[in-house]
Amino acid sequence: MAMRLPAAAVLLCLVDVLHAFAIEEKGDVFKRMACPAFLMFDNAAYLADMTFELPCNCKPEEVSSVIWYFQKNVGSHKTTVLTDFAGTVVVDSGHIHAGSDVLKRFSIRMFSLIVFRAQVTDSGHYLCGTKKGEFFYGYDVDVQPTKHITVAFVDRGQHVQDDYTEKLFSLFTAFWDWTRCDRCGVRGEQRRIGLCYVQSAQLHPRYRAAMPNVTSCGSRAVPAHFQYPGRLRRPEVAIRSCLTPCPKEEVPEEGVQAISNVISKLGEKPWLPRVPTQFHKQPVGSGLIIACPGARPEHAVAWDKDSVRLYRSRYLVGVNKSMRVFIDHGNHLHIQWVQVSDGGTYFCWREGKMVAGFRLSVMYQHRHRRTFNDPETIYAAKAIGMSYVVISIVFIIIHVCRCCRRVFRCPART
């Protein structure tokens, strides 16, 4: 035991040295990379509702904090400042709602800008700079919409969109890698996201992309007369079936497991998955949206109701014209006009592992007599009273006008 203590101390010292070396290496990145003399914009394309991060790849060594600026177009007089002038804005991504302003959906960490649940309106230029208006690095962000997205089910023999070619440019879809299988041990699904890109020799030279003469369809590098065909091409998503085994759980050695753990398992139901479960009551006829804890739109997420698998081939939004229960492209489960039959336990899979349960109880709303002190009653009384006053004024004005008209029409008597 005495020999182990010096060895542990040496190991901790080595860990501290490596950690300090990692921090030093992080700081040396800005020393090695010089900022360009002429500000360029790196192209970056995302799907709506995704969370993206933009690192400030270069800055002067003496700058200890950065400020991010947002512009719709280069040289625009309307500029949004994305900072609290200290670079310490922290946003809890769990409280972010789609459609909210970008000022409520961003965070700055280690000089990098993080935008949560990006919307189409967030497309534009993001510039890393200082409080005095000095710019070091820029991005051209293109957030493509999920509305009317093209879906192809590979198992049904469906194919993605064909390339569109013109004399001066061509449109095509660039696909990301397949996600992991969203379930394990049973049949699951994989998803592959594709974004619209354009290839042309007439792109603006101030914008940089991973490949020469190629950029996303919503980029500001695309000439104005090319942008209309690009809007007609939608992002795509391909879905296929998959089957992957579940990882083996480590079984504790005999005698290690506590007796209290054994006793606690006596009252459990073996046919129910052992995941954290949240209980919720919902009135009949209302709407409900369930989010998988810790999941993001780019993750592989699946939903089950009790023992029924809610596969995207049937429950993905847009598969049927009239869908009351569906999964959107942000991996949220929607239940519209909740019915009694919707009650049950909904299980969420994330990256091939079941992570949470959602126990839904549907109840009828009890009718109660309203009193004159209820806010709804006061509002209704005010609305009815105002309507009566407006109608009375209009009635009086009409009759006054009719009387005046008759008076002026009558011939003067001599």
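What to note about this one:
Here is a yes/no grid of residues against (1) among the aliphatic types (A, V, I, L, M); (2) at positive phi; (3) open to solvent by 50 Å² or more (accessible area, probe 1.4 Å); (4) modelled with pLDDT of 75 or more:
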site	(1), (2), (3), (4)
49	no, yes, no, yes
80	no, no, no, yes
84	no, no, yes, no
95	no, no, yes, no
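- Qualifying residue in the stretch 56-69 (condition: part of a loop (DSSP other than H, G, I, E, B), modelled with pLDDT of 50 or more and touching a His at 6+ places or on another chain (Cβ under 8 Å)): no
- Wholly within the stretch 309-414, strands (runs of 3 or more DSSP E) carrying at least 1 residues that are modelled with pLDDT under 90, of a type in the set (A, V, I, L, M) and open to solvent by 80 Å² or more (accessible area, probe 1.4 Å): 353-363
- Residues being surrounded by fewer than 23 Cβ atoms within 10 Å (Cβ to Cβ), among the hydrophobic types (A, V, I, L, M, F, W, C) and within 19 Å of the chain's Cα centre (by Cα) - total across the stretch 119-142: 1
- Flag if residue 298 is outside any helix (DSSP H, G or I), open to solvent by less than 80 Å² (accessible area, probe 1.4 Å), at pLDDT below 85 and not small (Gly, Ala, Ser): yes
- Residue list for the stretch 177-217, restricted to those being over 21 Å from residue 142 (Cα atoms), charged (D, E, K, R) and not in a strand (DSSP E or B): 180, 182, 183
- Tally of residues being over 25 Å from the mean Cα position of the chain (by Cα) and under 13 Å from residue 237 (Cα atoms) across the stretch 155-189: 2
- Among the residues of the stretch 281-295, those identified as open to solvent by less than 50 Å² (accessible area, probe 1.4 Å), part of a strand (DSSP E or B) and closer than 15 Å to residue 346 by Cβ are 282, 288, 290.
- So residue 156, is it of a type outside the set (Phe, Trp, Tyr) and open to solvent by 60 Å² or more (accessible area, probe 1.4 Å): yes
- The residue that is surrounded by the most Cβ atoms within 10 Å (Cβ to Cβ), counting only those in the stretch 212-247 that are over 28 Å from residue 316 (Cα atoms) and at pLDDT 90 or above, is 215.
- Matching entry among 209, 201 (being surrounded by 19 or more Cβ atoms within 10 Å (Cβ to Cβ) and either touching a Cys at 6+ places or on another chain (Cβ under 8 Å) or of a type outside the set (Val, Ile, Thr) (or both)): 209
The values are calculated or read from the model by the stated rules, or taken from the named source; none is laboratory data. What you see is a predicted model, and the numbers here were worked out from it, not measured in a lab. Virtual Cβ from ideal backbone geometry, glycine too; neighbours counted across all protein chains shown. Heavy atoms of the whole protein, side chains included, go into the accessibility calculation; ligands, DNA and RNA do not. Shrake-Rupley method; radii C 1.70, N 1.55, O 1.52, S 1.80 Å.
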